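Just below is one structure, and these are the notes that go with it.
The values are calculated or read from the model by the stated rules, or taken from the named source; none is laboratory data. Keep in mind it's a predicted model, so treat the numbers as computed, not measured. Cβ coordinates were reconstructed from backbone atoms using ideal geometry, including for glycine residues, and neighbour counts include every protein chain displayed. Side chains included, ligands, DNA and RNA excluded: accessible areas come from the protein's heavy atoms. Shrake-Rupley method; radii C 1.70, N 1.55, O 1.52, S 1.80 Å.
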Amino acid sequence: MNRRLLLKTLASGVLGTLAARWPLLAADAEVELAPQQAGPVINPHIYGHFIEHLGGVIYDGIWVGRESKIPNIDGIRKQFVDDMKRIGAPNLRWPGGCFADGYHWRDGIGPSAKRPRTYNFWESRMPPGLHATESNAFGFHEFIRLCRLVGAEPYVAANVGSGTPQEFHDWVSYCNAPLGTLSLADERAANGQKEPFGIRYWGVGNESWGCGGSMKPGEYATLYRKFVTQFPAFAPRPYLIAAGPRGHSRDGDMGWTTGFFEAMHREAPDGFALHFYTDFRNTKVIPEKSTAQEWYAVLREGLRTEAVIEQHWKAMEKYDPQHRTKLVIDEWGTWYTAGALIAPGYILSQTTTLRDALHAAISFDIFNRHAAKIEMANIAQTINCLHSLFLAHESNYVRTPTYYVFEMYRGHMGGQLVPLQIRAEELVFPSAEGTGRIGGLAGSASIRGKRLTVTLTNPSTHAPVATRIRLASGTKSTEARGRVLTHDDVAAANTFQSPNVVSLSQLPVSVAGDGFSVVIPKQAVAAIEIELA
Ligand code: AHR
């Protein structure tokens, strides 16, 4: 029985426990790598982050306060800093999200005790008394302190929805004007920072079609130009990011992209923010349980990112044939209807399971494969939120399965994309329409110096994939090691009580002819590092 037939049979429920007895095949899949044809550099910023003043992301998640008994550095949760350093987090997008278009940066500078308490976008959705009102205890300098501790580059989302161009320009000057020039630079120094912050990444609004102003694309384009034309020209040269489409809309929101670029009259921003949520909000799918149908539905929806990237890139080409504008996928991840929340006030927080780890892996493989188009990507959101790497509440803290994917994919950051061909039988699975199909193995590869990083995901819930990895002629290696992330339960998650349910293990890789052979377990992500001779 082949994998396709087996799955069909399993889907009909006839074979019961056959999955457990499925024999290992000689080679179910072949992966061919051509390191000599290495292509574009995978921007490390693709492995970026997003933190918003929302639920428990900032307060409790990151900011515990200077007086807290929880180990902290100047009020910032130490464990969070250590883990973000460990994965080499390249950037942090802040302060939103929807929060950004209601945020006024001056509320978050100066002595903490004197900062105002302010209304924010999420306030009305929060249960009474739970960080509903913004205290501004975590303000701009605290954000920069966090970035410096982690070694991440700040990506600041400016307020277009309720702010003015002047407010934006003042913020930029406050950050980047050299000491002794503008009064704003003196003010910065008085607040403890003499040297300019040197901020490069600026988002000009967020989701301007929705919470960022409910604009039409042409209206936003006009506003965008007003916001950037008089941008203060201090070093470094800014990288300006325009608000892009709601990519997960059924029509891909192509109208936003074409409407915006049409109205820009050939002016091109540096980056165009595409959002893609694997959006299961209005469904019965929850993280804590996963039928085969739900498992595949989530992964297949995640795979749609690839087509959405290609469609928007093509649409942009008409207006920007040289592709001066790159994509910035500054919100991506899974989004379920409210599941078991880590605390009642932490709206939008969800349990992150093995399924989300595989989703993250296939997303990164897509981003890597489109490295030439993508400047940056930011998972939504890093802690206590949707597709999070960490959950934290008071002294409790845990790394989710998704965290380990960042660890496994670290080798791709700054590597050159290596052409990779996969030959594997498709998986056929039960879906709402009857049957659905996805590739039997997904992956990407890159090279840095002599080290090849190959990441592969086996989405099957029933069978391992015996994989032969072949190196194109002219390249040789006899040294490889592998790591794998998997669990028998598709809904496995790490909790405060059991933090190591899903974690990394070694994956045996053996030399075979002109390459290697490896068995990738069912429902698993594998990372294989090959040292070229
Ligand atoms: O990540 C949560 C929210 O999703 C963000 O605030 C908003 O930009 C998006 O709709």
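Listed conditions (1) farther than 24 Å from Val41 by Cβ; (2) β-branched (Val, Ile, Thr); (3) over 24 Å from the mean Cα position of the chain (by Cα) are all met by Thr475, apart from (1). Residues of the stretch 208-227 that are away from the ligand (no atom under 14 Å from the Cβ) and touching a residue at least 40 places away in the same chain (Cβ under 8 Å): Lys216, Pro217, Gly218, Tyr220, Ala221, Thr222, Leu223, Tyr224, Arg225, Lys226, Phe227.
In the stretch 486-518, of all residues being of a type in the set (S, T, N, Q) and farther than 28 Å from Ala29 by Cα, the one that is most open to solvent (accessible area, probe 1.4 Å) corresponds to Gln497.
Take the stretch 97-151 and flag every residue that is among the small types (Gly, Ala, Ser), in a loop (DSSP other than H, G, I, E, B) and in contact with a helix residue (DSSP H, G or I) (Cβ under 7 Å, 6 or more places away or on another chain).
Across the stretch 97-151, the qualifying residues are Ala132, Ala137, Gly139, Gly151.
Would you confirm whether any residue within the stretch 106-126 is at positive phi and without any contact (Cβ under 8 Å) to a residue 40 or more places away in the chain? Scanning the stretch 106-126, I find no residue that is at positive phi and without any contact (Cβ under 8 Å) to a residue 40 or more places away in the chain, so the answer is no. When residues of the stretch 311-321 are filtered for being within 23 Å of the chain's Cα centre (by Cα) and in contact (Cβ under 8 Å) with a residue 24 or more places away in the chain, how many remain? Of the residues in that region, 4 qualify.
Evaluated against (1) out of contact with any helix residue (DSSP H, G or I) (no Cβ under 9 Å at 6 or more places or on another chain); (2) farther than 21 Å from Glu306 by Cα, Pro430 falls short on exactly one condition, (1). Taken over the stretch 174-207, the residue count meeting the criterion of being open to solvent by 10 Å² or more (accessible area, probe 1.4 Å), away from the ligand (no atom under 16 Å from the Cβ) and not aromatic (Phe, Trp, Tyr) is 19. Within the option set Asp488, Asp514, being out of contact with any Asp or Glu (no Cβ under 9 Å at 6 or more places or on another chain), at pLDDT below 95 and of a type outside the set (Ser, Thr, Tyr) holds for one residue only, Asp514. Cβ-Cβ distances below 8 Å connect the following pairs, each with a first residue in the stretch 235-262 that is open to solvent by 30 Å² or more (accessible area, probe 1.4 Å), a second residue that is polar (S, T, N, Q), and a separation of six or more residues or different chains: Ala235/Asn176; Pro236/Asn176; Met254/Gln311. Selection of first residues in the stretch 274-285 that are open to solvent by 30 Å² or more (accessible area, probe 1.4 Å) and of second residues that are modelled with pLDDT of 90 or more and in a loop (DSSP other than H, G, I, E, B), restricted to Cβ pairs under 8 Å at least 6 apart or on distinct chains, gives the following pairs, ordered by first then second residue: Asp279/His248.
In a residue-by-residue description of the stretch 80-88, the property of being at pLDDT 95 or above and in a loop (DSSP other than H, G, I, E, B) applies to at least one position. Of all the numbered requirements in (1) outside any strand (DSSP E or B); (2) free of Cβ contacts under 8 Å to residues at least 40 places away in the same chain, Pro232 misses one, and that requirement is (2).
In the set Arg410, Arg423, Arg468, Arg437, only one residue is within 30 Å of Phe80 (Cα to Cα) and open to solvent by 10 Å² or more (accessible area, probe 1.4 Å); that residue is Arg410.
What are the residues in the stretch 57-87 that are within 18 Å of the chain's Cα centre (by Cα) and either open to solvent by less than 20 Å² (accessible area, probe 1.4 Å) or within 16 Å of the ligand (Cβ to nearest atom) (or both), if any?
Scanning the stretch 57-87 gives Val57, Ile58, Gly61, Ile62, Phe80, Val81, Asp83, Met84, Ile87.
Can you pull out the residues in the stretch 263-272 that are touching a residue at least 60 places away in the same chain (Cβ under 8 Å) and open to solvent by less than 10 Å² (accessible area, probe 1.4 Å)? Listed by number, the residues that qualify are Pro269, Gly271.
Check the stretch 104-123 and report whether any residue there is under 27 Å from Leu184 (Cα atoms) and among the aromatic types (Phe, Trp, Tyr). Within the stretch 104-123, one or more residues are under 27 Å from Leu184 (Cα atoms) and among the aromatic types (Phe, Trp, Tyr). For the stretch 345-365, indicate whether the set of residues that are modelled with pLDDT under 95, within 14 Å of the ligand (Cβ to nearest atom) and open to solvent by 20 Å² or more (accessible area, probe 1.4 Å) is non-empty. Looking through the stretch 345-365, at least one residue is modelled with pLDDT under 95, within 14 Å of the ligand (Cβ to nearest atom) and open to solvent by 20 Å² or more (accessible area, probe 1.4 Å).
Kindly establish whether Val484 is more than 22 Å from Thr291 (Cα to Cα), without any contact (Cβ under 8 Å) to a residue 40 or more places away in the chain and among the aliphatic types (A, V, I, L, M). No: the conditions fail for Val484.
Of the strands (runs of 3 or more DSSP E) lying entirely inside the stretch 366-478, the ones with 3 or more residues being within 16 Å of the ligand (Cβ to nearest atom) are found at 374-380. Could you list, in sequence order, the residues of the stretch 42-56 that are closer than 18 Å to Tyr239 by Cα and near the ligand (Cβ under 10 Å from one of its atoms)? Scanning the stretch 42-56 gives a single hit, Phe50.
Within the stretch 290-306, the set of residues being among the hydrophobic types (A, V, I, L, M, F, W, C) and open to solvent by less than 40 Å² (accessible area, probe 1.4 Å) comprises Trp295, Ala297, Val298, Leu299.
What number of residues within the stretch 186-225 are of a type outside the set (Phe, Trp, Tyr), in a loop (DSSP other than H, G, I, E, B) and closer than 24 Å to Ser173 by Cβ?
Result for the stretch 186-225: 14.
For the stretch 97-146, the set of residues classified as of a type in the set (Phe, Trp, Tyr) and over 23 Å from Ile347 (Cβ atoms) consists of Trp105, Phe140, listed by residue number. Selection of first residues in the stretch 378-397 that are free of Cβ contacts under 8 Å to residues at least 40 places away in the same chain and of second residues that are crowded, with 24+ Cβ neighbours inside 10 Å and assigned to a loop (DSSP other than H, G, I, E, B), restricted to Cβ pairs under 7 Å at least 6 apart or on distinct chains, gives the following pairs, ordered by first then second residue: Ser388/Thr352; Ser388/Gln381; Ser388/Thr382; Ser388/Thr400.
Count, please, the residues in the stretch 260-271 that happen to be within 15 Å of Pro238 (Cβ to Cβ) and not in a loop (DSSP other than H, G, I, E, B).
Looking only at that region, the number is 1.
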